[in-house]
1. List every residue pair whose Cβ atoms lie under 6 Å apart, where the two residues are 6 or more positions apart in sequence or sit on different chains, the first residue falls within the range 342-371 and is among the aliphatic types (A, V, I, L, M), and the second residue, located anywhere, is in a loop (DSSP other than H, G, I, E, B).
2. Exactly one of (1) buried (at least 16 other Cβ atoms within 10 Å of the Cβ); (2) closer than 24 Å to Ser227 by Cβ; (3) not aliphatic (A, V, I, L, M) is unmet by Lys48. Its number?
3. Give me the residue from the range 237-255 that is outside any strand (DSSP E or B) and of a type in the set (Gly, Ala, Ser) and, out of that set, farthest from the chain's Cα centre (by Cα).
4. Go through the range 1-38 residue by residue and tally those that are part of a helix (DSSP H, G or I) and touching a helix residue (DSSP H, G or I) at 6+ places or on another chain (Cβ under 8 Å).
5. Quick test of your reading of the structure: Leu214 fulfils all but one of (1) within 21 Å of Arg310 (Cβ to Cβ); (2) modelled with pLDDT of 85 or more; (3) assigned to a loop (DSSP other than H, G, I, E, B); (4) not polar (S, T, N, Q). Name the failing condition by number.
6. Answer yes or no as to whether Leu180 is open to solvent by 30 Å² or more (accessible area, probe 1.4 Å), within 21 Å of Asp120 (Cβ to Cβ), of a type in the set (A, V, I, L, M) and at pLDDT 95 or above.
7. So, Ser89, is that one at negative phi and modelled with pLDDT under 95 or not?
8. Return the only residue of Leu114, Leu100, Leu82 being surrounded by 14 or more Cβ atoms within 10 Å (Cβ to Cβ), under 23 Å from Pro338 (Cα atoms) and under 16 Å from the mean Cα position of the chain (by Cα).
Amino acid sequence: MEADQIRDLIVNNLTLQGFLLKDGKILPPENLGKENIRSLHQMAVKHKIERGKKELWRKEPHFLKKIASGKEVVPEQISPRLVEVLPDSEEELLFRYISLHWSIPVSSGYGRRLRFLVCDEQNDKLIGIIGLGDPVFSLAARDQWVGWDRETRRYRLKYVMDAFVLGAVPPYSFLLGGKLVAMLAASNEVRAAFGRKYSGAKSVISGEEFDGRLAMLTTASALGRSSIYNRLKYCERHLYKSVGFTRGSGEFHFFNGLYNAIFAYAAQHSTPTAKQESWGNGFRNRREVIRKCLQSLGLSADWLYHGVAREIFVVPLAENTREFLRGEDLDLVAYDQPAAALASYFRERWLLPRAGRDRRYREFDASSYCLWGRGESDDE
């Protein structure tokens, strides 16, 4: 595309999403409640669903068999089981399908990835999903809470993972299943799976071998302040600690059909930032692509600041997480948090009281979870 064409495309697209363009900046709607935040993400979500349709729609009837109807759930008998998602597996396809139902577009994660399905042993249905990936290098609220300097962070950030998706599917979501999934992300089983997968891996840059310890998780609320992570306790200790809010920057508002054109223009008219030879060539990340494109078009790079702030949570997995991440302690004193014990605590604290006073879960029909309509089963 010519510069004028792609410039107009970007401006019109941002306006359609609901952003206001003023004084070289983009501004979200004034009343930024949860519904308005969902609306801002709507175009990006629809685009992601359409992109996924080609590969996933034929298997949708199969996927829907993993979604429970309300009458198939007996709250007293819910028994969660973590299933690690392996590459190129049926579980991976199911994970991708489920993530298309989120009200904001779900990232695929960066760098290292560890994904789980949370299934219910009583009926072999899906409770929710957990997706962990590499954290961003600089995150002010997290970094202030840890208290590390830049060099220590560069070396010890490998002991942190970020939950890029975390939540329950209906009807379990009506039973506060999101809290259960969030608790299980902090379990011994997740730490062990991380160790199995990454212990012994060598750093691309330093060549050093990683010991596979996981000291902390981070995550961000999807819709402003979180009602799932706040006050989420295990044995009277807060599992998730709110440490502040993001500055409202990111790229979601350019991922609704715009990015391919943006990338093509940036590749033709911009020079990627120099990188270490062992990392390979090209742009560092998608944010650099968009920034370079905007600058080449004479638009402000500040358009990466969309103004939708997200609450940041840290999940310490050890008694001395901060001291370990700062390099002051060499041994990590991990909390003992078996998945079964976390599930038992959740059952008594949240599940059974909610099931007794809110029967909406009983009314849920699994067929209503359908995205595209009936595809074809594998043997058709």
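1. From residues that are among the aliphatic types (A, V, I, L, M), the pairs are Leu342/Ser187; Ala366/Ile67; Ala366/Ser69.
2. (2)
3. Gly248
4. 8
5. Here Leu214 clears every test but (1).
6. Values: open to solvent by 30 Å² or more (accessible area, probe 1.4 Å): no; within 21 Å of Asp120 (Cβ to Cβ): yes; of a type in the set (A, V, I, L, M): yes; at pLDDT 95 or above: yes.
No; evaluated as a whole, the condition is false for this residue.
7. No.
8. Leu114 is the lone residue from the list that is surrounded by 14 or more Cβ atoms within 10 Å (Cβ to Cβ), under 23 Å from Pro338 (Cα atoms) and under 16 Å from the mean Cα position of the chain (by Cα).
The values are calculated or read from the model by the stated rules, or taken from the named source; none is laboratory data. Computed from a predicted model, the values in this text were never measured in an experiment. Note that each Cβ is placed from the backbone with ideal geometry, even for glycine, and that neighbours are counted across all protein chains shown. When the accessible area is computed, the model is the full protein with side chains, heavy atoms only, and any ligands, DNA or RNA have been set aside. Shrake-Rupley method; radii C 1.70, N 1.55, O 1.52, S 1.80 Å.
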